[in-house]
Amino acid sequence: MPLSQTVKKEPVAVEVKDLRKSYGDHEVLHGVSLSVAPGEIFVIMGASGTGKSVLLKHIIGLEKPDSGEVLIGGRSAFESSTHRDIVTAIVFQDGALFNSMSVYDNLALYPREHRIYDSKTIHEKVMDTLRILSLENAAQKMPSELSGGMKKRVAVARALMTEPQLLLYDEPTSELDPIMSATISELIATVSRQTGLTSIVVSHDRELSLSIGHRVGLMHEGNMTFIGAPDELKASKDPLVTEFLNPKINLENPRFRKTENGK
Ligand SMILES: Nc1ncnc2c1ncn2[C@@H]1O[C@H](COP(=O)(O)OP(=O)(O)OP(=O)(O)O)[C@@H](O)[C@H]1O
Ligand SMILES: [Mg+2]
């Protein structure tokens, strides 16, 4: 079964308008705006501590902005998180799997709890989703028995079981080797193509951003300093962009310091 049959609702557009957020007297977001078209893969890049995860929390409606707004399919993200008419799912950095449950039960949890399908249909959907992600042999495994890359795939599979219109990924390739990172990047692109859902990916990974992002937004110290297609990013003369694309720069470092062997 193609993935598209698991997604019933239309993908949504995302509008972030002049978002400001402070914690105490520290303003983390200084008026961030962006718009993501239905079905688009939008990658948010930026060094550590620039506010990417805080922005993501506003998009899933976990945080309320001081001013500005986030609209998902035209509705306030903060308000729509309380009524479930638009389904947004997130793949957390660590996978956030339930360690006491098998892979199968991790996937079946959401449809069982929400009673959206009978048990036979749930079984079929779990097995189809596992097959699509090449995880059919892992159904009865516990999360502790999986490699890092498999855990990420299970996390994507579990998110897909909610049949989301918007799928967010926080650092999907962190802590993976380059080959597994490329596999996960390709998986994000495949899921997007097959389901048509809207994807927002937060990542330090330059390869991922340039290869799968339809557009990329670069965050710097709480501002969205550049938004454009990968080719526009590569062609940009903006010093913040060129510095960012320099492979000698360690993006995990908040101050863009050069890596130890960088000259
Ligand atoms: N709940 C909170 N209370 C206070 N400060 C916070 C809170 N959440 C985030 N911050 C601060 O906001 C800033 C941005 O944090 P955020 O987690 O968004 O960074 P990031 O860009 O996701 O970094 P990384 O790439 O390391 O994940 C940091 O200075 C952080 O300490
Ligand atoms: Mg983060």
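The values are calculated or read from the model by the stated rules, or taken from the named source; none is laboratory data. None of these values were measured; they are calculated from a predicted model. No Cβ is skipped: glycine too gets one built from the backbone with ideal geometry, and neighbour counts run over all protein chains shown. These area figures cover heavy atoms from the full protein model, side chains too; ligands, DNA and RNA do not enter into them. Shrake-Rupley method; radii C 1.70, N 1.55, O 1.52, S 1.80 Å.
Among all residue pairs at least 6 apart or on different chains, which show Cβ distances below 7 Å where the first residue, located in the range 214-233, is within 15 Å of ligand 1 (Cβ to nearest atom) and the second is assigned to a loop (DSSP other than H, G, I, E, B)?
Sorted first by the residue in the range 214-233, then by its partner, the pairs are M219/T50; M219/G51; H220/T50; E221/T50; G222/T50; G222/G51.
Could you tell me how many of the residues in the range 1-51 are at pLDDT 95 or above and among the basic types (K, R)?
So the answer is 3.
From the set of residues in the range 162-189 that are in contact (Cβ under 8 Å) with a residue 60 or more places away in the chain and open to solvent by 10 Å² or more (accessible area, probe 1.4 Å), which is nearest to Y104 (Cα to Cα)? Walk me through how you get there before you give the answer.
So the first thing to find is which residues in the range 162-189 are in contact (Cβ under 8 Å) with a residue 60 or more places away in the chain, and the list is 162-172, 174, 188-189.
Filter once more, keeping what is open to solvent by 10 Å² or more (accessible area, probe 1.4 Å): 162-163, 165, 170-171, 174, 189.
Values: T162: 14, E163: 17, Q165: 23, D170: 23, E171: 24, S174: 24, A189: 24 Å.
If we take residues in the range 162-189 being in contact (Cβ under 8 Å) with a residue 60 or more places away in the chain and open to solvent by 10 Å² or more (accessible area, probe 1.4 Å), then T162 is nearest to Y104 (Cα to Cα).
Does the range 168-179 include one or more residues that are hydroxyl-bearing (S, T, Y), under 27 Å from I44 (Cα atoms), within 16 Å of ligand 2 (Cβ to nearest atom) and at pLDDT below 90? Full working, then the answer.
Filtering the range 168-179 down to residues hydroxyl-bearing (S, T, Y) leaves 169, 173-174.
In the following step, the residues that additionally are under 27 Å from I44 (Cα atoms) were identified as 169, 173-174.
Subsequent filtering for residues that are within 16 Å of ligand 2 (Cβ to nearest atom) retains 169, 173-174.
If we keep only those that are at pLDDT below 90 too, we end up with 173-174.
Yes, because at least one residue in the range 168-179 is hydroxyl-bearing (S, T, Y), under 27 Å from I44 (Cα atoms), within 16 Å of ligand 2 (Cβ to nearest atom) and at pLDDT below 90.
For a quick check of your reading of the model, give me the residue pairs whose first member lies in the range 68-79 and is more than 12 Å from K57 (Cα to Cα), whose second is assigned to a loop (DSSP other than H, G, I, E, B) and β-branched (V, I, T), with beta-carbon atoms closer than 6 Å and at least 6 apart or on different chains.
If the second residue must be assigned to a loop (DSSP other than H, G, I, E, B) and β-branched (V, I, T), the pairs left are I72/V12; I72/I86; G73/V12; G73/I86.
Considering (1) open to solvent by 60 Å² or more (accessible area, probe 1.4 Å); (2) in contact (Cβ under 8 Å) with a residue 40 or more places away in the chain; (3) over 26 Å from V70 (Cβ atoms), say which one V154 fails and leave the rest.
V154 satisfies all of (1) open to solvent by 60 Å² or more (accessible area, probe 1.4 Å); (2) in contact (Cβ under 8 Å) with a residue 40 or more places away in the chain; (3) over 26 Å from V70 (Cβ atoms) except (1).
Please determine whether any residue of the range 223-240 is in contact with a Gly (Cβ under 8 Å, 6 or more places away or on another chain), open to solvent by 10 Å² or more (accessible area, probe 1.4 Å) and either at positive phi or of a type in the set (V, I, T) (or both).
Within the range 223-240 (the criterion being in contact with a Gly (Cβ under 8 Å, 6 or more places away or on another chain), open to solvent by 10 Å² or more (accessible area, probe 1.4 Å) and either at positive phi or of a type in the set (V, I, T) (or both)), the answer is yes, since at least one residue qualifies.
Quickly run through the range 49-62 and pick out the residues that are in contact (Cβ under 8 Å) with a residue 24 or more places away in the chain and either touching a strand residue (DSSP E or B) at 6+ places or on another chain (Cβ under 7 Å) or more than 8 Å from ligand 1 (Cβ to nearest atom) (or both).
First, pick out the residues of the range 49-62 that are in contact (Cβ under 8 Å) with a residue 24 or more places away in the chain: 49-56, 58-61.
The answer is T50, G51, K52, S53, V54, L55, L56, H58, I59, I60, G61.
Please tell me if L19 is assigned to a strand (DSSP E or B), farther than 23 Å from A157 by Cβ and either within 16 Å of ligand 1 (Cβ to nearest atom) or open to solvent by less than 50 Å² (accessible area, probe 1.4 Å) (or both). Don't jump to the end; show me each part of the working.
Working: assigned to a strand (DSSP E or B): yes; farther than 23 Å from A157 by Cβ: yes; either within 16 Å of ligand 1 (Cβ to nearest atom) or open to solvent by less than 50 Å² (accessible area, probe 1.4 Å) (or both): yes.
It is true that L19 is assigned to a strand (DSSP E or B), farther than 23 Å from A157 by Cβ and either within 16 Å of ligand 1 (Cβ to nearest atom) or open to solvent by less than 50 Å² (accessible area, probe 1.4 Å) (or both).
So which residues in the range 20-29 are under 22 Å from the mean Cα position of the chain (by Cα) and more than 16 Å from ligand 2 (Cβ to nearest atom)?
Restricting attention to the range 20-29, the residues satisfying the condition of being under 22 Å from the mean Cα position of the chain (by Cα) are 20-21, 28-29.
Listed by number, the list holds a single entry, R20.
Identify the residue in the range 91-109 that is at pLDDT below 90 and buried (at least 18 other Cβ atoms within 10 Å of the Cβ) and, among all such residues, is nearest to ligand 2 (Cβ to nearest atom).
The residue in question is V91.
Just one of the numbered conditions (1) surrounded by fewer than 19 Cβ atoms within 10 Å (Cβ to Cβ); (2) of a type in the set (D, E, K, R); (3) touching a residue at least 60 places away in the same chain (Cβ under 8 Å); (4) in a helix (DSSP H, G or I) is not true of R131; which one?
Every condition holds for R131 apart from (3).
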